[in-house]
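The values are calculated or read from the model by the stated rules, or taken from the named source; none is laboratory data. Computed from a predicted structure; not experimentally measured. For neighbour counting, all protein chains shown are included, and Cβ atoms are generated from backbone atoms with ideal geometry for every residue, glycine included. The accessibility values were calculated without ligands, DNA or RNA, using every heavy atom of the protein model including side chains. Shrake-Rupley method; radii C 1.70, N 1.55, O 1.52, S 1.80 Å.
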Amino acid sequence: MTETTYREAIRQALIDAMQTDPDIILLGEEVGLYGGAYGVTKGLIDMFGAERVIDAPISEPAIVGAAVGAAMTGLRPVAELMYVDFAGLVMDQLANQAAKSRYMFGGQIGVPMVLRTQGGTGRSAAAQHSQSLEAWVMHVPGLRLVMPGTVNDAYHLLRAALTQPDPVVFIEHKGLYTLKGDLDPAVPDAPWGVPLVRREGADLTILTYSRMLQESLAAAEALAARGVEAEVIDLRCLNPLDETAIFASVRRTGRALVVTEAAVTGSVASEIAARVGEACFDWLEEPVLRLGGEDIPIPVAPALERGSIPDAALIAETALWLVRREAPAWA
Amino acid sequence: MTEARSNIAPVLRYAAMRRIRSFEERVGELFLRGQSAGSMLHLSIGEEAVVGMTDAMAPGDTFTTHHRGHGVFLARGADPARMMAEIAGKESGYCRGKGGSMHIADRALGHLGANAIVGGGIPHVVGAGLTYRNRRSGQISVAFFGDGAMSQGILYESMNMAALWHLPVIFCCINNQYGMGTRVDRSAGKLGFGGRAEAFGLIAAHAEGQEVEAVHHAARDLVAAARDGRPGFLEIDAYRFYGHARMDKSPYRSPEEEAEGRARDPLTTARARLAAEGLADAADLDRIDAAAAVEMDAALEADVAAAPPGLPTMFQDVYAPGTPAPRPQADRLRAVLSEAPR
Ligand SMILES: Cc1ncc(C[n+]2csc(CCOP(=O)(O)OP(=O)(O)O)c2C)c(N)n1
Ligand SMILES: [Mg+2]
């Protein structure tokens, strides 16, 4: 067990996987010489050579499409989309090609590839470089979707993604790259597809993932000081998603708050809230609540950007409101 | 064009280039002071000869730019103080602090928008070309983009449409030799981008980026042809003097290469040429430089210390005024938790 960063954990996962599986290639913009826009692939071109760490032109649809073809024919490509915002350019290759090949072709042609990308706010990068677009992916049958929120998960979920038979979209958060935490390369926190209780509590269940996990854990500490114990569940994988632990928790606490950074309308949080509502109706003391980003493009002004996204304080206030019906000042 | 105008024009183009250089230096300063909205600031230092293109455009012509578009917009008449305010994320900025450096626009000056998606603004000039063709308005529209966009499929779709429909459009590639850390010979299977444009039926031209007059010469011909329904492509061969964005120290290229690149300075070249041709002497040019410095110092101080936009403004401009706006989350939560019976 060593302390490292989210960024280093992902880099280490790529290195360890590439050393184990010679078919793994990296394909993307600035992944080689530059070392990745956020430094995740630093030095990998020196370790594995330019045939396996491939600097591509700024041609996202062809990058993802080429990854599809390489996956169809035996390689295991990791395509990199520098920002998830560029998903608009690649949705055909992702949603119509990668996602549907196995099904359309009667199970003959699988596409075992990983699309690594990163999203989220926090850098005043404005409307086209700050989005959280996981709902676009979750909506498409045929794609797997993973969003690690801890250092150990960053490593293990990527290693696991690189063993999957189907396309996996692996979305990192730009605000987590410097997050420090323990990495044990031998022991995953939980199996692939299984959510994890990161903090136990009896008063409400907070369901979240990615950077909002960290904010929710901080909120839970603040809540504890006010006498409210929140159970915080990290969803980790959004597809596949084993709901057993989620439903068990909500049935115990009777209250669920789903937290996401994405614009809340049509979000992953909406989907999770719907599943909880369906499955836990008779156990619920309160309506299932969603807390997310405002339904707006991300503004560049730092105060507006921050103000449009939940943080620990907002999560804690909303949780108190839910548990005790104590309305916060802004309500 | 009169003789006097043609004599003064190169001096004015020098002044326009100096204003860009001065402005960009102060954008760097804004960042160092921690007053810029974020660090995604892409300076156009080294690319000032784009003035040769903007100066060939007429009032009423429109354009789109890439993320490195400060220079183009300044040269098309932008108020540097409002630009600086936008880059600082202030309400007094061109886009009310919503867009920032990568998304400046101003309809009044024909700026249809800077874009942070490489290639994202290119097809918009095709659409603008349709408007001007159908309305017989005589306007043209110019897309400014980098060498990186030469790898985007949408450019080729756009060039084909422009040629097919005889649109009053120009595609202007500012080739600064790099897309982030990738030198252009590492992203293109074959160099010489004009050939690609010609293959689609466009008129292609190439100009050295340290020679603003050469750029202008090529641009004038392309503009005339475009107004006549013959679209064109101009490659300006320049050098990106500094890193990709403010944090990038360019470790992927050698100091020697940088020194060579920076020696291809359009401002130095213009000074020498203006002096040699007797159009301006060193004292004249120094006065121009000093005036630009004063103007841009003032722009730097004007609005950047102003208060940020108020939080409720975040819900404005998602949709048109007078139509339903996004519902703030607090309203929804209130409806669920305060208004519902227990
Ligand atoms: C579609 C898309 N892909 C990738 C990026 C990330 N990115 C931003 S600028 C840039 C390099 C662009 O190079 P170029 O077009 O030559 O413009 P320059 O920065 O040199 O002015 C890249 C890869 C992006 N913004 N949009
Ligand atoms: Mg470039």
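Here are some notes:
- Radius 11 Å from Cβ of A:Arg198, net charge of other residues (Lys, Arg +1; Asp, Glu -1): -3
- Normalised contact order of segment A:235-331, rounded percent, pairs of Cα under 8 Å and 6 or more residues apart: 27
- Peptide A:322-328 - average C-beta neighbours from other chains (10 Å radius): 2
- Look at the alpha carbon pairs under 8 Å that are at least 6 residues apart: their mean separation over the length of segment B:144-221 gives a relative contact order of 29 percent.
- Packing here is the average count of other Cβ atoms within 10 Å per residue, and on that basis the peptides A:277-288, B:90-101, A:314-325, highest first, run B:90-101, A:314-325, A:277-288.
- The spacing between segment A:224-243 and segment B:212-236, judged by their C-alpha centroids, is 60 Å.
- Net charge of the neighbourhood of B:Gly209, taken over other residues with C-beta under 9 Å away and scored Lys/Arg +1, Asp/Glu -1, is -4.
- Average beta-carbon neighbours from other chains, 10 Å sphere, peptide B:83-89: 2
- Per residue, segment A:196-322 exposes 33 Å² of accessible surface when a 1.4 Å probe is rolled over the protein heavy atoms with every protein chain present.
- Note on the protein assembly as shown: Rg/Rh from Cα positions, Kirkwood definition for Rh, rounded to two decimals, is 1.00.
- The mean sequence separation of alpha-carbon pairs under 8 Å and at least six residues apart, normalised by the residue count of chain B, gives a relative contact order of 22 percent.
- Around B:Ser151: net Lys/Arg minus Asp/Glu count, Cβ-Cβ under 10 Å: -3
- With Cα atoms, 0 to 90° folded angle of helix A:60-72 axis to chain A main axis: 70
- Distance from the C-alpha centroid of segment A:127-193 to that of segment B:159-192: 35 Å, rounded to the whole angstrom.
- Within 10 Å of the Cβ of each residue in B:34-42, the mean number of Cβ atoms contributed by other protein chains is 4.
- Take the accessible area of chain B alone and of chain A alone, subtract that of the pair, and you get about 3900 Å² summed over both chains, using a 1.4 Å probe.
- With Cα atoms, 0 to 90° folded angle of helix A:268-280 axis to chain A main axis: 50
- Within the assembled protein chains, the solvent-accessible surface assigned to A:Met72 is about 80 Å², based on a 1.4 Å probe.
- In chain B, the longest principal axis of the Cα atoms and the axis of helix B:282-302 are about 0 degrees apart.
- With one equal scatterer per alpha carbon and no solvent term, the Debye-computed log10 I(q)/I(0) for segment A:2-183 at 0.09, 0.18 1/Å reads -0.27, -1.19.
- Cα centre as origin, Lys/Arg/Asp/Glu Cβ charges: the protein assembly as shown dipole, Debye: 1060
- Distant-in-sequence amide contacts of A:Leu27, defined by a placed amide H-H separation under 5 Å and a gap of 5 or more residues or a different chain, comprise A:Ile54, A:Val78, A:Ala79, A:Glu80.
- Between the amide H of A:Asn239 and those of A:Leu145, distances stay under 5 Å, these residues lying 5 or more places away or on another chain, with hydrogens modeled in the peptide plane.
- For segment A:74-95 versus segment B:85-128, the gap between their alpha-carbon centres in whole angstrom: 26
- Rounded to two decimals, the Cα-based Rg/Rh of segment B:3-339, with Kirkwood Rh, is 1.00.
- GluC sites (Glu not before Pro) within segment B:154-246, DSSP loop, no more than 16 other Cβ atoms inside 10 Å: none
- Annotation: amide H of A:Glu326 within the under-5 Å range of A:Trp321, sequence separation 5 or more or interchain, hydrogens built in the peptide plane.
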